[in-house]
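S.K.: To start, I am sharing the structure in question, which I have written as structure tokens.
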Amino acid sequence: MELMPGYKRSDVGVIPDDWDCLRACEFGFFKGGSGFPLWAQGQRTGEYPFFKVSDMNNEGNETFMTAANHYVSEQTRKHLGAQVFPADSIVFAKVGAAVFLERKKILGQPSCIDNNMAAYVLDASRADVRFVHSMLLMKKLGALVATTALPALNGKQLGEMVLALPPLPEQRVIAAALSDVDALLATLDQMIAKKRDLKQATMQQLLTGETRLPGFSGNWEVKQLGDIGQFLKGRGVKKDEAQSGTLPCIRYGEIYTHHNDYIKSFNSWISPQVAATATKLKQGDLLFAGSGETKEEIGKCVAFIDDCEAYAGGDTVILRAAGINPMFMGYYCNTAPIAAQKASKGQGDAVVHISAAALSSIVLALPSLPEQNAIATALSSMDSELSVLVASRDKTRNIKQAMMQELLTGKTRLVEPRGANA
């Protein structure tokens, strides 16, 4: 294929003529962290943050490592022999399954890291940290893992990575453009977090009767869950059957991983043959996860509010209720007081189960149906607002990915190439 003018072939593909193709070790070095014994952990103040791999899971900033769960004093750091890595070092997991999560972040201040992490310290005169961080987000470090029982990366492998680097001024321009998108993402994340907090506070107030919507008063009626309907069992649908057709289905594990309060979309689609062995749902059914890993999460509930043909697989407990608003019940059955009752009735250790009989004895305090309807409407409106924000954030992330593909490969240039006017 003929190259466009101004481009050349390289070890990383076609790049602009004025870009260099360099090994990572030519403009920085990799070094692992230090041991972090239990006795030194848990301090909330100190001269240096001491990051562990688990700190990379913290939400709130997709780019920078800032506030830590652990700090150390200069005296403790010296005692441990821990190195201080400068701000703007790029850190990532180097040992264990966390390597394959491909999380890479930038230290926001001089910090220490534990021995399951590594840092890439750049020569700032040759490379912009935000640009290189974006380049590394495009790289799969897990592909470099040594083939041992314990997945591990080493500095020699990492240093041999080949990266395409534009001139430093262009790196900075590209990094600034991507940073603008990151700032928008951070704003959206903050808005989503605030909206979720507001929803949780509103649920706490409305679903306990602590706050009443205008026009409603009077006592709520105390009942047991078994008083409001009949329990059924989900049946069938093996893992390899979950994508066997076009009929929507809810599997018990999806109640934990894909659904909250009520079912908004489906993840499994089964064939008529598989559906014949499953339990057909009816609009308004409440689905409880009959198995789980902990007592605290057992019996998570979602309401089936659609008027469509759908099915439930095994390990789901279904309540076919009457005289209630199913969406209200979906919210209500996941509140802390109800979850505590379900936890007390869970059976088992490695795998926890809850039966229809146990669920039927759960004690409820229910408002009138009109008040249930009003509460469900108020909470679902907040869900809709959240969905709009989440969709906007996801769209922005996709835009950033497309920008990275264009800018980090030189397909689209934000500056005039060197020598263009020569």
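S.K.: Given a cut-off of under 8 Å on Cα pairs at least six residues apart, what relative contact order in percent is computed for the stretch 247-315? Display every interim value, and only then the final one.
M.R.: Values: 128 pairs, mean separation 32.0, N = 69.
Computed over the stretch 247-315, the figure is 46 percent.
S.K.: What is the Cα coordinate range of the stretch 348-422 on the first, second and third principal axes, sorted by size from largest, in whole angstrom?
M.R.: Ordered largest first, the stretch 348-422 gives principal extents of 83, 41, 11 Å.
S.K.: Oh, and also: Explain nothing, just the number: relative contact order of the stretch 20-97, from Cα pairs under 8 Å at least 6 residues apart, as a whole percent.
M.R.: Relative contact order here is 36 percent.
S.K.: Hey, another quick one. Using Cα positions and a limit of under 13 Å, work out the aspartates and glutamates in reach of K52, with same-chain residues fewer than 8 apart set aside.
M.R.: Of all the aspartates and glutamates, those that pass the test against K52 - Cα under 13 Å, at least 8 places apart if same chain - are D114.
S.K.: Follow-up question, since we're still on this one. If you average the alpha carbon positions of the stretch 120-158 and of the stretch 34-57, how far apart do those two centres end up, in angstrom?
M.R.: 22 Å
S.K.: Given that just one value was derived from the coordinates, which of [x] 41, 23, 21; [y] 50, 27, 23; [z] 48, 41, 16 is semi-axes √(5λ) of the Cα gyration tensor in Å?
M.R.: Identified label for the calculated read-out: [y].
S.K.: Return the whole-Å distance between the Cα centroid of the stretch 257-313 and the Cα centroid of the stretch 177-225.
M.R.: Cα centres, the stretch 257-313 to the stretch 177-225: 24 Å.
S.K.: Let me ask you something else. Can you sort W19, W220 by solvent-accessible area, 1.4 Å probe, largest first?
M.R.: From most accessible down to least: W220, W19.
S.K.: Okay, moving on. Report, to two decimal places, the Cα Rg of the stretch 28-77 normalised by 2.2 N^0.38 Å (N = number of residues). Mind dumping the intermediate values first?
M.R.: On the way: Rg = 11.7 Å, N = 50, 2.2 N^0.38 = 9.7 Å.
My calculation over the Cα atoms of the stretch 28-77 gives 1.21.
S.K.: In addition: Calculate the spin-label point distance for E309 paired with Q200, positioning each point 7 Å from the Cα along the beta-carbon direction, and give it in nanometres.
M.R.: That separation, rounded to one decimal, is 4.1 nm.
S.K.: Beyond 21 Å, what percent of the Cα pairs of the stretch 66-144 remain?
M.R.: Here the tail beyond 21 Å accounts for 32 percent of pairs.
S.K.: Test of understanding: extend the Cα→C-beta vector of A149 to 7 Å, then name every residue of the stretch 78-105 with backbone N under 18 Å from that spot.
M.R.: The answer is 95-98, whose backbone nitrogens lie closer than 18 Å to the label point.
S.K.: Would you please report the Å³ per residue occupied by the convex hull of the alpha carbon atoms in the stretch 159-278?
M.R.: For the stretch 159-278, the hull spanned by Cα atoms encloses 269 Å³ per residue.
S.K.: So if we plug the beta-carbon distance of A124 and R44 into 1/(1 + (r/R0)^6) with R0 = 25 Å, what FRET efficiency do we get, rounded to 0.05? Working shown, then result.
M.R.: Details: r = 31 Å, r/R0 = 1.24.
Efficiency at R0 = 25 Å is approximately 0.20.
S.K.: In addition: Write down Rg/Rh for the stretch 105-159, rounded to two decimals, with Rg from the C-alpha atoms and Rh from the Kirkwood relation over Cα pairs.
M.R.: So for the stretch 105-159, dividing Rg by the Kirkwood Rh gives 0.98.
S.K.: Taking the C-alpha atoms of the stretch 209-270, how large are the radius of gyration and the largest Cα-Cα span, Dmax, in Å?
M.R.: For the stretch 209-270, the Cα-based Rg and Dmax read 17.9, 51 Å.
S.K.: Let me ask something additional. Across every pair of different alpha-carbon atoms, what Kirkwood hydrodynamic radius in Å does the stretch 81-231 reach?
M.R.: It works out to 20.0 Å.
S.K.: Please express the shape of the stretch 289-330 as an equivalent ellipsoid: the semi-axes are the square roots of 5 times the eigenvalues of the C-alpha gyration tensor, given largest first in whole angstrom. Mind showing how you got there, number by number?
M.R.: Numbers: eigenvalues 86, 38, 13 Å².
The three semi-axes for the stretch 289-330 are 21, 14, 8 Å.
S.K.: Under unit Cβ charges (Lys, Arg +1; Asp, Glu -1), what dipole magnitude, rounded to 20 debye, does the chain have relative to its Cα centre? Let's see the in-between values first.
M.R.: Numbers: 44 positive and 44 negative charges, 102 e Å.
So the dipole magnitude of the chain works out to roughly 480 debye.
S.K.: For Q283 and I399, FRET efficiency with R0 = 45 Å and r from the beta-carbon atoms, rounded to 0.05?
M.R.: Values: r = 38 Å, r/R0 = 0.84.
For R0 = 45 Å, the calculated efficiency reads 0.75.
S.K.: Still on this model: Give the average over all directions of the projected area of the C-alpha convex hull of the stretch 281-422, one decimal, in nm².
M.R.: 14.1 nm²
S.K.: How long is the gain from R235 to K156 if the chain were fully straight, where each residue apart is worth 0.36 nm and the alpha carbon distance is subtracted? Each step should come with its number before you reach the end.
M.R.: Numbers: separation 79, 0.36 × 79 = 28.44 nm, distance 5.29 nm.
The span from R235 to K156 would gain 23.1 nm if fully extended.
S.K.: Still on this structure, I have one more. Using the structure shown, select from K199/K295; K194/K282; K282/K345 the pairs with a Cα to Cα distance greater than 31 angstrom.
M.R.: K194/K282
S.K.: A further question follows. Determine the relative contact order of the chain: mean sequence separation of Cα pairs under 8 Å and six or more apart, normalised by residue count, in whole percent.
M.R.: 15 percent
S.K.: When each pair of different Cα atoms in the stretch 234-287 is counted once in the 1/r mean, what is the Kirkwood radius in angstroms, to one decimal?
M.R.: 11.4 Å
S.K.: So, in nm, how far is label L369 from label Q224 when the simple model puts each one 7 Å beyond its Cα toward the Cβ?
M.R.: With each label placed 7 Å out from Cα toward Cβ, I get 2.4 nm.
S.K.: Another question, then. Give the calculated FRET efficiency between C21 and F100 to the nearest 0.05, with a Förster radius of 22 Å applied to their Cβ-Cβ distance.
M.R.: Calculated transfer efficiency: 0.25.
S.K.: For the chain, what does the helix formula give at 222 nm: sum of -39500 (n - 2.57) over DSSP H segments with n ≥ 4, over the residue count, nearest 500 deg cm²/dmol?
M.R.: One gets -10000 deg cm²/dmol as the mean residue ellipticity at 222 nm.
S.K.: Take every Cα-Cα pair in the stretch 260-351 and report what % of them are more than 17 Å apart.
M.R.: More than 17 Å apart: 52 percent of the Cα pairs in the stretch 260-351.
S.K.: On C-alpha positions alone, give me the angle between the axis of helix 168-206 and the longest principal axis of the chain, in degrees, nearest 10.
M.R.: The angle comes out near 20 degrees.
S.K.: Hey, got a sec? Which trypsin sites (Lys or Arg not before Pro) in the stretch 28-93 land in a DSSP loop and have at most 10 other Cβ atoms within 10 Å?
M.R.: Of the trypsin sites (Lys or Arg not before Pro), the ones in loops of the stretch 28-93 whose Cβ has at most 10 other Cβ atoms within 10 Å are R44.
S.K.: Sticking with this one: What ranking of T76, T211 comes out by heavy-atom accessible area, probe 1.4 Å, highest first? Please list the in-between numbers first.
M.R.: Working: T76 35, T211 55 Å².
Per-residue accessible area, sorted high to low, gives T211, T76.
S.K.: Still on this structure: Could you list which residues have their amide H under 5 Å from that of V72, counting only those 5 or more apart in sequence or on another chain, with H placed in the peptide plane?
M.R.: E47, Y48, F50
S.K.: Out of every Cα pair in the stretch 69-108, what percent are spaced more than 11 Å from each other? Before the final figure, lay out the partial values.
M.R.: On the way: 555 of 780 pairs.
Above the 11 Å cut-off, the stretch 69-108 has 71 percent of its Cα pairs.
S.K.: Same structure again: Which value, in Å² and to the nearest 10, is the accessible area of D55 when all protein chains are kept and the probe is 1.4 Å?
M.R.: Around 10 Å² of this residue is reachable by solvent.
S.K.: Right, something else. Sticking with the crude label model, points 7 Å out along Cα→Cβ, report the distance from K78 to F266 in nm, one decimal please.
M.R.: So the label points at K78 and F266 sit 6.7 nm apart.
S.K.: With the calculation restricted to Cα positions, what are the radius of gyration and Dmax of the stretch 1-148 in angstrom?
M.R.: 17.6, 62
The values are calculated or read from the model by the stated rules, or taken from the named source; none is laboratory data. Remember, predicted model here, so these are calculated numbers, not experimental data. No Cβ is skipped: glycine too gets one built from the backbone with ideal geometry, and neighbour counts run over all protein chains shown. SASA here: full protein model, heavy atoms, side chains in, ligands and nucleic acids out. Shrake-Rupley method; radii C 1.70, N 1.55, O 1.52, S 1.80 Å.
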